[in-house]
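Values quoted throughout were computed directly from the atomic coordinates according to the rules given, and no laboratory measurement underlies them. It should be emphasised that the depicted structure is a prediction, and the values quoted were computed from it without experimental measurement. Positions of Cβ are backbone-derived with ideal geometry, glycine not excepted, and every protein chain shown enters the neighbour counts.
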Amino acid sequence: MGLTEREGFAVRGRTALVTGASSGIGAATATELNARGCRVLLVGRDEHRLAEVAERTGGEPVHADLTDPAGLDRVAGAAGAADLLVHSAGLGWAGELTAMPAERIAQLTAVNLTAPMLLTRAVLPELRRRRGHVVFVASVAVVGVAGEEVYSATKAGLRAFAASLRYQDGIGVTTVFPGAVRTPFFDGRHYERRVPRMVSAQEVARALVRAVERGAAEVFVPKWLIVPARLQGAMPKTFHRLARRFR
């Protein structure tokens, strides 16, 4: 469920560059794209895991740190051959805000928000020429989640960047808003919220590719999360009262 912005974008026979491809949603998306006949370029910092995903998908690994200028340049060079750019790399942090180290705040901002903006800027001319498509993996945390203030802020910034990018001619833009996903983000952390239920990375990947193929501007996973997202925008006080009840 989501907004529709333009005609669909067929992934078969295309080349996609996926960041954060060594695990989680990125790895699942690369696998899904490969299954649909798309060549994949796999970007990640974990060289060993990246090699495993490359072996599974037949993709080409691009080992790089997107927060390092040299790594960003290397990825931008590889993305010149891509029709589809999927920004899936991301970091999370949960806990008391006053206990969050300043360097961790800077790291989340760099990976979740600054790197996607810089990479998009670098490859935008070529993407426009190829009439390509860009995907941003945000989060339902854009509504604001207790104990995840910085993470929520970076994902909300990503949503605003994507919305502004839609004014660019010649490209399509899709933003994906997953709820809680079974990924390394929750390693060693017990998920205590009653709702939403956790979903698999594969479920998010399938929804992401379907959204691209039909030209959807935004998609929530699971779909019903669009309701609290709209409620938060229209009636923030009511939303926060309900959110407190279901924590």
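In nm, give the distance between the simple-model label positions of residue 117 and residue 7, each being 7 Å from the Cα along the Cα-to-Cβ direction.
According to this spin-label approximation, the distance is 3.4 nm.
If r is the Cβ-Cβ distance from residue 99 to residue 51 and R0 is 45 Å, what FRET efficiency results, to the nearest 0.05?
Computed FRET efficiency for residue 99 and residue 51: 0.80.
If you place +1 on the Cβ of every Lys and Arg, -1 on the Cβ of every Asp and Glu, and leave all else neutral, what size is the dipole of region 15-245 about its Cα centre, to the nearest 20 Debye?
1100
Arrange the peptides 100-106, 12-18, 197-203 so that the one whose residues have, on average, the most other Cβ atoms within 10 Å appears first.
Order by mean packing, descending: 12-18, 197-203, 100-106.
By how many degrees, between 0 and 90 and to the nearest 10, does the Cα long axis of helix 115-129 differ from the longest principal axis of the chain?
40
Relative contact order for region 15-245: what is it in percent, counting Cα pairs under 8 Å that are at least 6 residues apart?
18
Mind ranking 124-132, 56-64, 175-183 by how tightly packed they are, going by the mean number of other C-beta atoms within 10 angstrom, highest first?
Output ranking for 124-132, 56-64, 175-183: 175-183, 56-64, 124-132.
For helix 47-57, report the angle its Cα long axis makes with the longest principal axis of the Cα atoms of the chain; keep it between 0 and 90° and round to the nearest 10°.
Taking the Cα atoms of the chain, the angle to 47-57 is about 70 degrees.
Can you order the peptides 108-119, 66-77 by their average number of other Cβ atoms within 10 Å per residue, highest first?
Put in order of decreasing packing, that is 108-119, 66-77.
Counting DSSP beta bridges with both partners in the chain, what percentage is antiparallel, nearest 5?
Bridges in the chain that DSSP calls antiparallel: roughly 5 percent.
Find which of 19, 199, 90 sits farthest along the positive direction of the dipole of the chain, computed with +1 on the beta-carbon of Lys and Arg, -1 on that of Asp and Glu, about the Cα centre.
So the residue we want is 199.
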